[in-house]
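Since the structure comes first, as structure tokens, the remarks are kept for the end.
The values are calculated or read from the model by the stated rules, or taken from the named source; none is laboratory data. Remember, predicted model here, so these are calculated numbers, not experimental data. Using ideal geometry, Cβ is built from the backbone for each residue, glycine included, and neighbour counts are taken over all protein chains shown. For the accessible areas, the whole protein counts, side chains as well, though only heavy atoms, and no ligand, DNA or RNA atoms are used. Shrake-Rupley method; radii C 1.70, N 1.55, O 1.52, S 1.80 Å.
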Amino acid sequence: MSGKTWLAARLANASTLQSLCEAVESSPRYLWSSELLTTAWHTAATLTTSPGVRTSLQAESSRRLLVRLLAEQRRLRPDFDARSMACMVWAWSKLRVKEKDLMDDLSERFPGQVLQFSTKDLSRLIYGLAQLRHRSGPLVPAAGDVLAQRMDESNSQTVANVSYAFCLMKLKHRNFFTSLAEKMPDRMNEFKPQELSILVYSCALLRVRNDRLLGAVCEEARGRLSECSPQNISNLLYGVGLLQFLSQPFLHDTCSFSSVRMSSFSVQGISNMTYALGLLGYQHPMFLRSICGSLRVDELLPQHIGNMSYALGQMGFRRCQPHELRCRVQQADDCMGKTD
């Protein structure tokens, strides 16, 4: 058995961070190839994210050891292919590797190679860098440009993940979002409910509005509310509220659906939905009535109270002090009930 084969077997069989660290420490540095380095990073990230291990000292020890190993290679090896590089960035994001030298090497070396990446690998690369909050250099914009050109090849998960990644980086990538708005409205049926909510939520936080895209998302989500989780619904409503996109059928059906399930929503979700409806000036009697019965005042934070009070004001009711909130919701409900 050759040295590299032996090392590959040890890495593949590592079932704990301790056994991985032992394999890395005992292996001569000349054995390490780009493929084996990628395998080591990926194994470390997978083991680190296992239940009960994420915050352990072993995870930190593994991270430091692998950072040192890669640093000894000085600069990234020229034989890293696109799949390996995307996999390594994913691993760095899980391990929270933010060493400036590694990030700078990556940003300088790979922009010219993004055409070799699959759309899935581009998604992994951008999402990993977003998790590390690294957007300096030409790599991320270049990767976004390639995805914009290959939007037809991108699946729903890629589109949702990259949209969220740009949101994390606060990067309003014009070419990507323009292509998304042009190509994706006719493909909404491919999106899972979570992906629909991520897409709208990300666009909202970046203040990227395209009415054709939003209309398509709302129509698709409206027909699949039973598949949506409470968080999916609250994110969708919050997104259209921030973007000031008023779709009466979507709002009516979503509020009606949520009203009979309000107890399953978090306080944050209820606050976000109410705030969104306030921004849109949209009143739904059943929704307010349901909030009144489900409002857990002792869990409300000042931000929740402020947002909900503001929303009621936007709906035409007098704004209230924190201790008046439940009463004000009841009064608003009673007022609207008279006109039902």
- Query: Quick check: is even one residue across segment 207-216 open to solvent by 70 Å² or more (accessible area, probe 1.4 Å), modelled with pLDDT of 95 or more and part of a loop (DSSP other than H, G, I, E, B)?
  - Reply: yes
Among residues of segment 113-142 being under 18 Å from the mean Cα position of the chain (by Cα) and outside any helix (DSSP H, G or I), the residue surrounded by the most Cβ atoms within 10 Å (Cβ to Cβ) is His134
Within segment 280-309, residues being in contact with a helix residue (DSSP H, G or I) (Cβ under 6 Å, 6 or more places away or on another chain), assigned to a helix (DSSP H, G or I) and open to solvent by 40 Å² or more (accessible area, probe 1.4 Å) number 4
**OP:** Would you be able to say whether some residue in segment 194-204 is free of Cβ contacts under 8 Å to residues at least 24 places away in the same chain and either more than 20 Å from Arg261 (Cβ to Cβ) or not aromatic (Phe, Trp, Tyr) (or both)?
**Re:** no
Only one of Ser234, Ser259, Ser264, Ser247 is over 20 Å from Ile305 (Cβ atoms) and modelled with pLDDT of 95 or more, namely Ser247
In segment 222-251, anything over 17 Å from Met188 (Cβ atoms), among the polar types (S, T, N, Q) and part of a loop (DSSP other than H, G, I, E, B) is listed as Ser229, Gln244
Scanning segment 95-108 for residues that are farther than 12 Å from Val140 by Cα and open to solvent by 80 Å² or more (accessible area, probe 1.4 Å), the one modelled with the highest pLDDT turns out to be Arg96
So for segment 220-231 (the condition being open to solvent by less than 40 Å² (accessible area, probe 1.4 Å) and under 17 Å from Pro285 (Cα atoms)), does at least one residue qualify? no
Worksheet item: Condition test on Glu195, is it over 20 Å from Val140 (Cα atoms), of a type in the set (Asp, Glu) and under 17 Å from the mean Cα position of the chain (by Cα)?
Response: yes
- Restrict the check to segment 155-166 and report whether at least one residue is surrounded by fewer than 17 Cβ atoms within 10 Å (Cβ to Cβ) and of a type in the set (Ser, Thr, Tyr). no
When (1) open to solvent by 10 Å² or more (accessible area, probe 1.4 Å); (2) over 17 Å from Val114 (Cα atoms); (3) part of a helix (DSSP H, G or I) are applied to Ala148, the one that fails is (2)
